[in-house]
1. So, in segment B:12-24, how many residues would count as being more than 9 Å from chain A (Cβ to nearest Cβ) and open to solvent by 30 Å² or more (accessible area, probe 1.4 Å)?
2. Would you check which residues across segment A:31-83 are closer than 17 Å to B:PRO81 by Cα and basic (Lys, Arg) and list them?
3. Residues in segment A:288-300 that are touching an Asp or Glu at 6+ places or on another chain (Cβ under 9 Å) and within 12 Å of chain B (Cβ to nearest Cβ): how many?
4. Which residue pairs have Cβ atoms under 6 Å apart, sit 6 or more places apart or on different chains, and have a first residue in segment A:25-48 that is more than 7 Å from every other protein chain (Cβ to nearest Cβ) and of a type in the set (Asp, Glu) and a second that is open to solvent by 40 Å² or more (accessible area, probe 1.4 Å) and not in a strand (DSSP E or B)?
5. Looking at segment B:160-184, I want the residues that are of a type in the set (Lys, Arg) and have a partner that is part of a loop (DSSP other than H, G, I, E, B) with Cβ atoms under 8 Å, at least 6 apart or on another chain. Which pairs are those?
6. Out of segment A:272-297, which residues are out of contact with any helix residue (DSSP H, G or I) (no Cβ under 6 Å at 6 or more places or on another chain), open to solvent by 50 Å² or more (accessible area, probe 1.4 Å) and in a loop (DSSP other than H, G, I, E, B)?
7. Sort out for me the strands (runs of 3 or more DSSP E) sitting completely within segment B:1-113 that have 2 or more residues that are at negative phi and modelled with pLDDT of 90 or more.
8. Considering only segment B:310-335, how many residues are surrounded by fewer than 17 Cβ atoms within 10 Å (Cβ to Cβ), outside any loop (DSSP other than H, G, I, E, B) and away from every other protein chain (no Cβ under 14 Å)?
Number of protein chains: 2
Amino acid sequence: VKKRGAKAVLFHGPMERDEAARTGLETRSYSYYPMDDFLKECNGDRVQAGALRLKRMLADAGVSGGKLALYGLSDIGTAYPLYRTLERIAPELALDGNKTDILSLAMATKDAAEIDRIRKMGRITTSVVAKTADFLTHQRVKDDTLIGLDGKPVTVAKVKSLINLWLAEAGVENPEGCIFAIGRDAGVPHSTGIPEDALRLGQTIVFDIYPCEGGGGYFYDFTRTWCLGYAPDEVKKLYDQVYQVYHEVTGKLQANQPFSVAQRNTCELFEAMGHKTILNTPTTEEGYVHSIGHGLGLKIHEVPFSRLAATEEDKLLPGSVFTMEPGLYYPERGMGVRLEDSYWVNPSGKIEKLVDYPLELVLEMK
Amino acid sequence: VKKRGAKAVLFHGPMERDEAARTGLETRSYSYYPMDDFLKECNGDRVQAGALRLKRMLADAGVSGGKLALYGLSDIGTAYPLYRTLERIAPELALDGNKTDILSLAMATKDAAEIDRIRKMGRITTSVVAKTADFLTHQRVKDDTLIGLDGKPVTVAKVKSLINLWLAEAGVENPEGCIFAIGRDAGVPHSTGIPEDALRLGQTIVFDIYPCEGGGGYFYDFTRTWCLGYAPDEVKKLYDQVYQVYHEVTGKLQANQPFSVAQRNTCELFEAMGHKTILNTPTTEEGYVHSIGHGLGLKIHEVPFSRLAATEEDKLLPGSVFTMEPGLYYPERGMGVRLEDSYWVNPSGKIEKLVDYPLELVLEMK
C-alpha cells in the first residue's frame with residue numbers, strides 16, 4: 001500500500017517475513033489480521049470478512065479515503081467481489097481511478113543497467129539459437145527427414161527439450177515456452193509447434209524464443225525462420241519480402257513517435273506487395289496478421305505496443321526496449337516467415353539492435 | 001463464456017486460432033470485435049469501449065442477463081474498472097455471484113489418470129532429490145565446508161542450478177523455483193535460500209521441491225530436511241518431534257473430514273511438546289507457524305486447504321490430493337525442520353502416500 005507522499009507498506013504472509021524485509025519497505029504481517037476474527041464479525045461471510053480486513057489494513061497504512069488504484073495479477077473470481085464489497089463498505093474510497101497502469105509506465109523505459117541485463121539475456125538467447133542450428137545441421141538425413149542417433153526422426157519435441165536443457169545450463173528460465181513450428185504450423189503465427197512433427201528439409205521452421213533471467217527478471221525475444229538444406233522458390237520469395245520490409249520499417253523508426261506508425265508502414269508495404277493485412281482486412285488469417293512489435297522487459301509483452309488503436313504509452317521513448325517482428329503467413333500453402341530482433345532507443349534517440357545474429361533462411365546441412 | 005445448458009464459446013486472439021480450435025469448443029475470434037470501432041463509439045474512452053465490447057461478445061454467446069461468474073488470472077488494475085463498467089452499462093448482468101470458485105471445485109478431486117500423472121511427477125521429483133543427495137555426499141570437505149571440483153565452497157546457488165538442470169533433463173518444469181535453505185535460513189519456512197550460502201556439515205538444510213509437468217500440468221510437492229555428515233543433538237530432537245507428529249497426524253486422517261482437523265491436531269501435539277503454534281499464538285515466528293498442508297494438482301496450492309478458518313471445499317474427499325508438511329522453526333537458533341510428502345484419498349476412502357522416499361535426517365558423506 002503506497003500513499004502519496006508516504007512510505008510504502010508491504011503486507012505479507014507470516015512465512016514470507018524475511019523476503020518481505022529484504023525489500024527495504026515497511027512491512028506488516030497478515031498475522032495481525034486473523035481471518036477468523038473477521039469471519040466472526042461478519043457471521044461467516046467470507047467476502048464481507050475479506051473486505052473488512054482489507055479496509056482495516058488500508059486504514060492502518062493511513063488510507064481511509066480518496067482514490068485508490070489497484071495493481072497486480074489476481075484471481076478475478078475472488079478479487080472482483082472483494083473489491084466490489086470494499087467499495088460498498090468504504091464508500092469514501094474510490095477504486096475506479098487507475099485507467100492508466102502506472103507500473104507499466106514506470107517499466108516503460110529502461111536505464112543503462114537494465115539494458116545491460118536485457119542485452120546479456122540476448123547473448124544467452126542467441127547462443128542457444130546457435131546451438132540449435134548446430135544441432136539441426138549435424139543430423140543425418142534420410143528421405144529428406146532428419147534422423148537422430150537412435151535411428152528415429154528428429155521431432156519438434158526433441159528439439160524443444162534440448163533448447164530447454166541449454167537454457168537451463170545457461171542459468172536462465174523459459175517460463176513461457178518457445179515456438180518451434182514447421183510447415184503448415186509455421187504459417188500459424190502463434191502455434192507453438194506440434195511435438196510429434198518430424199523435421200524435414202525444405203520446410204519453413206519458425207523459431208521464436210523468449211527466455212528470462214533465472215529467478216525471474218528481464219526477458220529477451222528473438223525469432224528466425226529457417227529452411228534446412230534448401231528453400232523452395234516460393235519460400236525464398238516470401239522470406240525476401242519479409243526481410244525487405246523488416247529493414248525498411250526499422251530504418252524509418254524515430255524516437256518519440258507513436259509505435260503505431262511502424263505498424264501502419266508495415267501494413268502498407270506488405271499490401272503494396274499484394275498481401276492482405278489486418279489494416280484493411282481485420283479478420284484475415286493469411287498475409288500479415290499481427291503487430292510489428294511490443295515493449296519488452298520484466299514482462300514479455302509490455303508498453304509500448306504497436307497497435308493501431310494507439311495510446312499515449314505507445315511511443316518509442318529514449319529507454320524504450322521493443323521487438324521488431326514482421327511476418328507473412330500462408331498456412332494453407334504450408335509456410336510462414338517471421339524475423340524478430342529486440343531493439344532499444346538509446347539516450348540520444350538512436351534506435352539500436354541489442355544483439356546481432358545472422359539473418360539467413362537456409363541452414364546448410366553439414 | 002459458458003451459459004448454463006449451452007455449449008461453451010471460446011473467444012480468442014486471431015493468432016491463437018489453431019490452439020483455440022484444438023480445444024474442441026466453439027470458437028470466435030476477437031478480430032470480429034475491432035477495438036477501434038468501440039473506441040469511436042465511446043469517444044476514445046478505453047474502459048467504456050472495453051466494457052461495451054465485452055457486452056457484445058457476451059450477447060453473441062447468448063448471455064444478456066442473469067448471474068455471471070468470473071474466473072482466471074487478470075491484471076486487477078485493468079480488469080476491475082472493466083467489469084465495474086460492464087455492470088454499469090449492463091445492469092441486467094449481476095457479477096458478484098461467484099463466492100465459490102467452481103473451477104477450484106472441479107479440480108478438487110482427481111480421477112485415476114490424473115493420479116497416475118501426479119505420481120509420475122512424484123517419481124521424477126524424488127529421483128532429482130536422490131541425485132541431489134548423491135551429489136552432496138560425494139563432495140570433498142574442508143573445515144566442515146563442502147568443496148567442489150573447482151576448489152571453491154559448494155553454494156546454494158550451485159546446488160539449485162544442478163537441480164534445475166536435472167529437472168530439465170527429466171523433461172519437467174520448475175516454474176516456482178525451489179527452496180534449498182541452510183542454517184538460520186532453514187528456520188524461516190518460506191525463505192528460498194541465500195544463493196551465496198556455502199554448504200556446511202551439521203547444519204539443517206530444508207529442501208522443498210515442487211516441479212510440474214513439461215508444458216504445464218500437474219505438480220508434485222516434497223520436502224526433506226537433511227544434515228550433512230552429522231546432526232547436533234538439538235537438531236536431532238527437533239527432527240524426531242516433527243517426525244513423530246507427522247506420523248501421528250497422518251495416521252489419524254480420515255476421508256470426508258475437514259482438513260482443518262489435521263491442522264488442529266498438529267498444533268495441539270506441538271504445543272504439548274512445548275512449542276508455540278499459530279493456534280494459540282497467531283503471530284508467532286517460532287515453533288509451528290504454517291498450515292499442515294494444501295491441495296495439489298494443476299496448481300501448487302489448491303483446495304482442500306487445512307486452514308483453521310475452514311470452508312466447505314476444505315474436506316478430504318475421495319480423489320483429493322494433498323500435502324502433509326509439519327515443521328518446526330527456530331531461526332534464531334539457526335535451525336528448522338520440515339517433512340513433506342504428497343498423499344491422496346483413494347476411491348475407497350483410504351489415505352495413501354503417492355511416492356515413498358526415505359525419511360532420514362543425516363546424509364553420511366561418502
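The values are calculated or read from the model by the stated rules, or taken from the named source; none is laboratory data. Keep in mind it's a predicted model, so treat the numbers as computed, not measured. Reconstructed Cβ throughout: ideal geometry from the backbone, glycine too, with neighbour counts over all protein chains shown. These area figures cover heavy atoms from the full protein model, side chains too; ligands, DNA and RNA do not enter into them. Shrake-Rupley method; radii C 1.70, N 1.55, O 1.52, S 1.80 Å.
1. 4
2. A:LYS67
3. Here the count works out to 3.
4. Listed by first residue and then by second, the contacts come to A:GLU26/A:LYS7.
5. Within 8 Å, the pairs are B:LYS160/B:GLY177; B:LYS160/B:CYS178; B:LYS160/B:GLY193; B:LYS160/B:PRO195; B:ARG184/B:GLY334.
6. A:GLY274, A:LYS276, A:ASN280, A:GLU285, A:GLU286
7. Those strands (runs of 3 or more DSSP E) span B:9-12, B:26-29.
8. Number satisfying all stated conditions: 1.
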